[in-house]
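So the structure is just underneath, and the comments pick up after that.
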Amino acid sequence: MAGCLPINITMNDQLLKQHIKAFIDYLNAEKEVASKQYNERLEAISYYQQWTREKILAMNEEDIYEYIAKLWAMLIWGNKRYVVDKLINDNGLENFKEQLIDFVWNESNSIELRWDSFRKSIKGMGPAMMSEILCKTHPEKYIIWNRRAYNGLNLLGVSGLPVHTYQLTGKVYNRLSGTTKIIADALRQEGFKDPNLLSADYFLWHEFYAENLNEVYTKPDGKAQKVDELPIEVGADFIHNDVRDAIRDIGNFLGFDAAIEKKVAAGSKVDAIWQSKVGNMGRIIYVFEVQTKGSIDSLILNLLQSLNNPAVQGVVAVSDKVQLDQIRSRAETITQLKDRLKYWDYAEILKVQESLEFASTCINNLKLVPEGF
């Protein structure tokens, strides 16, 4: 595994003080809002801290639904029940509970190890959900990490931040938590009531709310930061799984029945599929294979075998620009594949996922359709 992102733990002190003063002034002027936010933080911490090892072990499916559905990271989903049911089905009820206990409460292991282990072991939960659970359970130690936190720290002058989820290893997450404690300490110095890293999240959200997704791809000097120029600082298994999961999420957003690691034909288990039923006539399936390392011939063979399923209407190779050119060159020599294979750059996939999440959050916030509809 490659080295850790070189996160700069210093901030623009003057800018930080300026924004903290504005935040404190806002709360002093809006006493009702300040009280509401304070009570929200206390309630969130109380709720998640009540889920001790013993209580998590005794969770049933309804308990898990409530535990996950309460997360802010779930606001992007209109149908939370579908997401949680899929989480349980993909991971198994008992396995999920055991992994959750180890992740949240096994502090005999470092957060670096626990973070990386949970990400590898559990499908369907990304850094936003994981970090929110940690922050609300251990608000003195861990931060919530999402696009808004990135934008706030970026504008405060912290460099080396992970732009994409595959860059967020346990070591990087631990460094980010340590860096963000600077904000909690600054809030404390200004007399903020009971400051912690959940308080820091409220501060970042209020002061650095980014309407424009492009801000996530902008350096502090205002110049655009190209995704394909970002350093890959983690192992290929993280990149592979994040891109695979993003493909599934995009399919779900678009209304497909999307899944990962599915067998679609004899000898062909693929990374992700989008499928749709066509009345009573059958199914249409689109197949995606993610290539981060290893044999391109193996990817080609798997895609060829998937075409043995007559429901498969399209096959897509997903990789970086260099490997896509290699795959294209190899596929051009194979008659059965050359006119059917499509190519998708993983960097585009990650940007599409973030854009759809932003759009979905905005629409779901309108509450046009009741959740139980």
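Annotations
- Residue pairs meeting the criteria (Cβ under 8 Å; at least 6 apart or on separate chains; first within 16 Å of Ile349 (Cα to Cα), in the range 250-272; second assigned to a strand (DSSP E or B) and of a type in the set (Lys, Arg)): Ala272/Lys262
- Close pairs (9 angstrom Cβ cut-off, 6 or more residues apart or separate chains): under 16 Å from Ala58 (Cβ atoms) in the range 82-99, of a type in the set (Phe, Trp, Tyr) and surrounded by 14 or more Cβ atoms within 10 Å (Cβ to Cβ) anywhere: Ile88/Tyr65; Ile88/Phe96; Gln99/Phe118
- Residue identified as modelled with pLDDT of 90 or more and either more than 29 Å from Gln18 (Cα to Cα) or among the aliphatic types (A, V, I, L, M) (or both) among Gly235, Gly170: Gly170
- Once the range 246-259 is narrowed to residues that are crowded, with 22+ Cβ neighbours inside 10 Å and closer than 17 Å to Met74 by Cα, the residue that is farthest from the chain's Cα centre (by Cα) is Arg248.
- Residues in the range 111-157 that are over 18 Å from Ile101 (Cβ atoms) and in a loop (DSSP other than H, G, I, E, B): Gly126, Pro139, Glu140, Ile143, Ile144, Trp145, Asn146, Leu156, Gly157.
- Screening the range 185-203 for residues that are more than 24 Å from the chain's Cα centre (by Cα), in contact (Cβ under 8 Å) with a residue 24 or more places away in the chain and closer than 18 Å to Lys17 by Cβ and picking the one that is surrounded by the fewest Cβ atoms within 10 Å (Cβ to Cβ) gives Gly191.
- Residue in the range 207-223 that is in the same structural domain as Ile45 (by TED's automatic domain parsing), at pLDDT 75 or above and closer than 26 Å to Pro127 by Cα present: yes
- Some residue of the range 45-61 being at pLDDT 95 or above, surrounded by fewer than 18 Cβ atoms within 10 Å (Cβ to Cβ), in contact with a helix residue (DSSP H, G or I) (Cβ under 9 Å, 6 or more places away or on another chain) and among the basic types (Lys, Arg): yes
The values are calculated or read from the model by the stated rules, or taken from the named source; none is laboratory data. These numbers were taken from a predicted model, which means no experiment stands behind them. Cβ sites come from the backbone with ideal geometry, for glycine too, and all protein chains shown count toward neighbours.
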